[in-house]
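Asker: Quick one: the structure is below, questions incoming.
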Amino acid sequence: MKYLQNLKNKHIPLMMSPFVSQLGLSVYLIGLNWLIVEATGTTKQLGIIQAVSGVAFIITDVFVGVLVDKYNPKALILLTNLLSALVNFGGAIFVNSNHPQTLLLYEVSFP
């Protein structure tokens, strides 16, 4: 019984973090896909942008292991999330859904 009490008090945030992370990622992807279709008016462009994003994700995954082994993983996570936020906010300022700028849509969808 004591073990369950410890589990209840200490480990719930750790067990919930993947759920919260996936929820945030899902909301981001739905919003991004909606923006791309709204801005371009076609799902073809959505497919192209998602394909480029997937290829970029695979290419960057090759280098991530080396960086995590060499530097502090917590600092890298913080740095990459801040960089991603800055890129997304910067892209959001310049994206105009009335006149789609495909290059900015590629930039916002890059991992």
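Asker: Here's a check for you: in the stretch 32-70, which residue that is small (Gly, Ala, Ser) and under 22 Å from residue 93 (Cα atoms) is surrounded by the fewest Cβ atoms within 10 Å (Cβ to Cβ)?
Answerer: Among those that are small (Gly, Ala, Ser) and under 22 Å from residue 93 (Cα atoms), it is 41.
Asker: Residues that are aliphatic (A, V, I, L, M) and at pLDDT 80 or above: which helices (runs of 4 or more DSSP H) entirely in the stretch 15-111 hold 2 or more of them?
Answerer: 43-70, 73-94
Asker: Can you find, within the stretch 1-14, the residue that is surrounded by the most Cβ atoms within 10 Å (Cβ to Cβ) among those that are basic (Lys, Arg) and modelled with pLDDT under 65?
Answerer: Going through the qualifying residues, I end up with 8.
Asker: Using beta carbons and a limit of 8 Å, which pairs, at least six apart or on different chains, have the first residue in the stretch 46-74 and of a type outside the set (D, E, K, R) and the second one assigned to a helix (DSSP H, G or I) and open to solvent by 60 Å² or more (accessible area, probe 1.4 Å)?
Answerer: Correct list of pairs: empty, since none qualify.
The values are calculated or read from the model by the stated rules, or taken from the named source; none is laboratory data. These numbers were taken from a predicted model, which means no experiment stands behind them. Using ideal geometry, Cβ is built from the backbone for each residue, glycine included, and neighbour counts are taken over all protein chains shown. Areas reflect the complete protein model, heavy atoms only, side chains present, ligands, DNA and RNA absent. Shrake-Rupley method; radii C 1.70, N 1.55, O 1.52, S 1.80 Å.
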